Amino acid sequence: GLVQILYNGKWGSVCSQNFDYTDASVICRHLGFSKPIAYGPGYGKGNGTIWLNNIRCNGYESSITACNHDDWGVHDCKHDEDIGITC
């Protein structure tokens, strides 16, 4: 489904720019699943803030927020680029 993240009390989405298998793996593991089956835009559009962009996980993080990424809310994305994952 569509990836949503809570930041400063507000839910928002994650941009798919430069998002890869390692990033998806961290999210799936955080949610209690073993690995991603599929990921990409096309799982629906968020309607809040796009919180994260250019996520760069090394694969060992406990959650996506522990990965390197652009500053919160800094992006050049549109909601049709919101990331979704099937774990």
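Quick one: what are the phi-derived ³J(HN,Hα) couplings along region 71-87, Karplus 6.51/-1.76/1.60 with θ = phi - 60°, whole Hz, x for glycine and proline?
So the J values, rounded to whole Hz, are 4, 3, x, 9, 6, 10, 9, 10, 5, 6, 9, 4, 7, x, 9, 10, 9.
At a 10 angstrom cut-off on C-beta neighbours, averaged per residue, how do the peptides 53-62, 23-32 rank from highest to lowest?
Put in order of decreasing packing, that is 23-32, 53-62.
Between 0 and 90 degrees, rounded to the nearest ten: what's the tilt of helix 21-30 against the longest Cα principal axis of the chain?
Between the helix axis and the principal axis of the chain, the angle is about 80 degrees.
In debye to the nearest 20, how big a dipole does the chain give about its Cα centre with +1 on each Lys and Arg Cβ and -1 on each Asp and Glu Cβ?
Rounded to the nearest 20 debye, it is 260 debye.
Quick check: the distance between the Cα centres of region 44-87 and region 1-19, to the nearest angstrom?
Rounded to whole Å, the Cα centres lie 5 Å apart.
Since every read-out is calculated from the coordinates, none of them should be taken as a lab result. Computed from a predicted structure; not experimentally measured. Note that each Cβ is placed from the backbone with ideal geometry, even for glycine, and that neighbours are counted across all protein chains shown.
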